[in-house]
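Structure, as structure tokens:
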Amino acid sequence: MLIRSSALFLIALIPSVAFCQPAPVAPPKPPGYDCVDMDGVGGLSPNDFMAFQNAYVARSAYDAAVTLQTPPAQPSGLTATVAGTLVTLKWTNPPQPWTNGYLVRGATVIPFTVNTTQLTDSPGAGQWTYSVTVRNVVSTGSYPGTFAPVGAAPTASATVQGTQPPPGTGWTDISLPPGAIAVYVSTSGNDANSGTQASPLRTLSAGYAKLRDGQPDQLLLKCGDAFPITSTLQITKGSGSSTKWMVIGSYGTGPRPKLVGPNPFNGEAIGKRGIAFVGLEMSNTRIVGSYCFRLLGWQDVLIEDCAAHDTFRCLIFQGFGGTRGNNLKFRRNMLWDITAVSADPAGSSNSSQAIYSAEHDNWLIEGNSFHNPGVAATIYSRPIYIQADSGPGIMRANVFANSPAEGFQIRAGNATVENNIILDCPMAAWIGGTNNTITLNTVLGSGSVGPNGGRWGVGLQFNGLCTVRWNILGYCSGFGWGNAQGYWAEGASGVCSDNYAYNWSRDPAWQSNPAWVGGAGNDPAECWSIKNDSGTAMTFSNNRIFSSRQSIIGGGALNGTGNSYFEPSGGMPAFRPNDTAPGWSKLNAMPTDPDLKGKLPGGSINAYVLLLRGQSRQTWRDDLMPENVNTTLRQAAGVGNPGGNP
């Protein structure tokens, strides 16, 4: 077992003089050790025999001490083998007697017991020299001391390349492959240095210049340093591989290295592949048009464990000139305050968005948090906008909070949307195209773009052939003109089943708002928990819809079986265009509020998203992520399949 944290304690116990102490002289024998004439009478008297017998304990202690003080031989055959970030050390111990041994690496002492001949160490990047030795240590009795071996301790050297931390649960393995090089950059470095960890460079451009195109080399920035961005780094090199990346990442411990300023990375190297950005923080100081990553025509891109805030856009990823982007992985990143100083310009092409993508295939957006994207309200400012000319992809286990528009909009179709949490967004999600699977998502709250805004409390809106199952909606708070709609099947077909909604209806306090009451086609209390604009092409089964205030449970042809609902009597019909719907039965009483917002980590939406901002590879908490939080919420709501994916 490695004991690195106790190194100072061990060194205090073992003075440095012990490492070169000469072989000791045997201590004097205690009185009575030998049976001799001690009373001066001559010969061996009974008193002499009695003294010899009484000295038994002292004689045994002396014999043991002399044995332990015999200088042992040194170990032999020390070897050091490097695999990634680990150094494996092996050696052969001498015969006993000796009581303990330890490896020494610089100021670090790694102890081992008499039966140990192999240990592993994680020293970090650099060139390391190890030595191994054994000693006899007498810590009690009349003859304490530390007794060094004879001869020099064997040594072995190991060179560990700089790399990101070894993979943990859910993280991508970006260990430095054999043959790749690592280049180190620190604000305390100098561009005239060699670029090793002991002699780092100072600027990103100098470090990037040392990376080799077509190789999985790594440019590593020191954690805790802040790098001002005075010019954009043009990304023109990649690994050339679909399984290994050229990495721009971090080394050391502490906060992510921070890049301050607009447009740090721009990649217009059309057709390049194999680039990863890992463990970075970016702040663009809210400049209109700024971005963190702009990648055109790239393939095999990984962005993981990054933080971005106060930027107009985080990622622009799209094809260019007929070359489509492909295989984007955007994972476990924390984004907040995606906006500009002034209000976003009108029009979707000029509005702040965390991710804008087009003309690309095979995307994965997973495990991220998006909080306050588009602070200056506009209906076009949304966390994620995936254009219709994009290909299939996966939106999984993300958290979206306080967007002025949708949590995300996917126009392309062929999408898997699962286990996401969407909080206080006027429109939770629009999933367009066809062949979509929408399962295990939770939507809580539905804010508005502004006091008189143009979005109105839409939960999940879907088109085309879909499977919509095991989702939760709760506590619509949207207002503004237009109808609030929970599950909105717009030109959809397929199955909508086993879903849940609790109080997805308008707050009566807004029924007198002159901004929308009396508008054409608007009913002051009109809120549809399920609205089907798809004719009879979609079936609705085993859904549960509950509202404690008068609203519309469903509209359109809601064909299916096993559905249940509650809505107070005496007001508007529960269904439209008819007063009832086949396959729907009304409960006698409103079910108890499951308090879904209160069951979020931290006990509220705001507390939860602030906890997520602190997530990083070094501080990661799985209990904060949607896979686990949604399990708790589904259990509280009694939604089927509470344990995970279908």
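Pull up the stretch 237-289, narrow it to residues that are of a type in the set (Val, Ile, Thr) and under 17 Å from residue 317 (Cβ atoms), then point me to the one that is surrounded by the fewest Cβ atoms within 10 Å (Cβ to Cβ). Checking each candidate, the answer is 270.
Just one residue in the set 437, 442 is open to solvent by 10 Å² or more (accessible area, probe 1.4 Å), within 30 Å of the chain's Cα centre (by Cα) and modelled with pLDDT of 75 or more; that residue is 437. Consider the stretch 153-170 and keep the residues that are part of a loop (DSSP other than H, G, I, E, B) and modelled with pLDDT of 70 or more. The one that is nearest to residue 74 (Cα to Cα) is 153. For the stretch 190-225, a residue qualifies if it is without any contact (Cβ under 8 Å) to a residue 24 or more places away in the chain and not hydroxyl-bearing (Ser, Thr, Tyr), and the qualifying residues are 190, 191, 192, 193, 195, 200, 201, 202, 206, 209.
Okay, residues lined up against (1) open to solvent by 10 Å² or more (accessible area, probe 1.4 Å); (2) part of a loop (DSSP other than H, G, I, E, B); (3) of a type in the set (D, E, K, R); (4) at pLDDT 90 or above:
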{"residue": "425", "(1), (2), (3), (4)": "no, yes, no, no"}
{"residue": "449", "(1), (2), (3), (4)": "yes, yes, no, no"}
{"residue": "456", "(1), (2), (3), (4)": "yes, yes, no, no"}
{"residue": "462", "(1), (2), (3), (4)": "no, no, no, yes"}
{"residue": "467", "(1), (2), (3), (4)": "yes, no, no, yes"}
{"residue": "477", "(1), (2), (3), (4)": "yes, yes, no, no"}
{"residue": "489", "(1), (2), (3), (4)": "no, no, no, yes"}
{"residue": "493", "(1), (2), (3), (4)": "yes, no, no, yes"}
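Taken together, 274, 179, 240 contain a single residue that is in a strand (DSSP E or B), closer than 30 Å to residue 362 by Cα and not hydrophobic (A, V, I, L, M, F, W, C), which is 274.
Looking across 319, 279, one residue alone is of a type in the set (Gly, Ala, Ser) and under 22 Å from residue 174 (Cβ atoms). It is 279. Annotation note: Cβ proximity below 8 Å between a residue of the stretch 598-613 that is small (Gly, Ala, Ser) and a residue that is open to solvent by less than 10 Å² (accessible area, probe 1.4 Å) (sequence gap 6+ or interchain) occurs for 602/608; 607/600.
The residue that is farthest from residue 365 (Cα to Cα), counting only those in the stretch 615-633 that are under 11 Å from the mean Cα position of the chain (by Cα) and without any contact (Cβ under 8 Å) to a residue 12 or more places away in the chain, is 619. On the basis of being touching a Gly at 6+ places or on another chain (Cβ under 9 Å), open to solvent by 30 Å² or more (accessible area, probe 1.4 Å) and either among the basic types (Lys, Arg) or in a strand (DSSP E or B) (or both), does residue 294 make the cut? Criteria met by residue 294.
Of all residues in the stretch 87-125, those satisfying the criterion of being part of a strand (DSSP E or B) and surrounded by fewer than 15 Cβ atoms within 10 Å (Cβ to Cβ) are 88, 90, 92, 118, 120.
Filtered by the rule that a residue be open to solvent by less than 40 Å² (accessible area, probe 1.4 Å) and at pLDDT 85 or above, the stretch 75-86 gives 75, 78, 80. A Cβ distance below 6 Å, combined with a sequence gap of six or more or placement on separate chains, defines the contacts here; from the stretch 520-549, residues that are assigned to a loop (DSSP other than H, G, I, E, B) and modelled with pLDDT under 90 reach residues that are among the acidic types (Asp, Glu) and open to solvent by 20 Å² or more (accessible area, probe 1.4 Å) in the pairs 533/490. Pairing residues of the stretch 70-82 that are closer than 21 Å to residue 123 by Cβ and of a type in the set (S, T, N, Q) with residues that are modelled with pLDDT of 85 or more and assigned to a strand (DSSP E or B), at Cβ distances under 6 Å and at least 6 apart in sequence or on separate chains, gives 79/90; 79/156; 81/88.
Condition check ((1) aromatic (Phe, Trp, Tyr); (2) in contact with a helix residue (DSSP H, G or I) (Cβ under 6 Å, 6 or more places away or on another chain); (3) open to solvent by less than 70 Å² (accessible area, probe 1.4 Å)) across all residues:
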position: 564; (1), (2), (3): no, no, yes
position: 577; (1), (2), (3): no, no, no
position: 601; (1), (2), (3): no, yes, yes
position: 632; (1), (2), (3): no, yes, yes
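Among the residues of the stretch 533-556, those that are closer than 14 Å to residue 580 by Cα, open to solvent by less than 10 Å² (accessible area, probe 1.4 Å) and either over 40 Å from the mean Cα position of the chain (by Cα) or of a type outside the set (A, V, I, L, M) (or both) comprise 551, 552, 554, 555. Of the set (1) modelled with pLDDT of 90 or more; (2) under 22 Å from the mean Cα position of the chain (by Cα), all apply to residue 407 but (1).
Residues that are closer than 12 Å to residue 422 by Cα and not in a strand (DSSP E or B) were ranked within the stretch 389-411; the one that is most open to solvent (accessible area, probe 1.4 Å) is 402. Flag: residue 193 matches the condition of being open to solvent by 20 Å² or more (accessible area, probe 1.4 Å), at pLDDT 90 or above and in a loop (DSSP other than H, G, I, E, B). For the stretch 203-236, taking the residues that are part of a helix (DSSP H, G or I) and open to solvent by less than 40 Å² (accessible area, probe 1.4 Å), the one that is farthest from residue 280 (Cα to Cα) is identified as 206.
The values are calculated or read from the model by the stated rules, or taken from the named source; none is laboratory data. Just so you know, these numbers come straight off a predicted model, no measurement behind them. Neighbour counts run over all protein chains shown; Cβ positions are idealised from the backbone, glycine included. Calculation scope for accessible area: heavy atoms of the full protein, side chains included, ligands and nucleic acids excluded. Shrake-Rupley method; radii C 1.70, N 1.55, O 1.52, S 1.80 Å.
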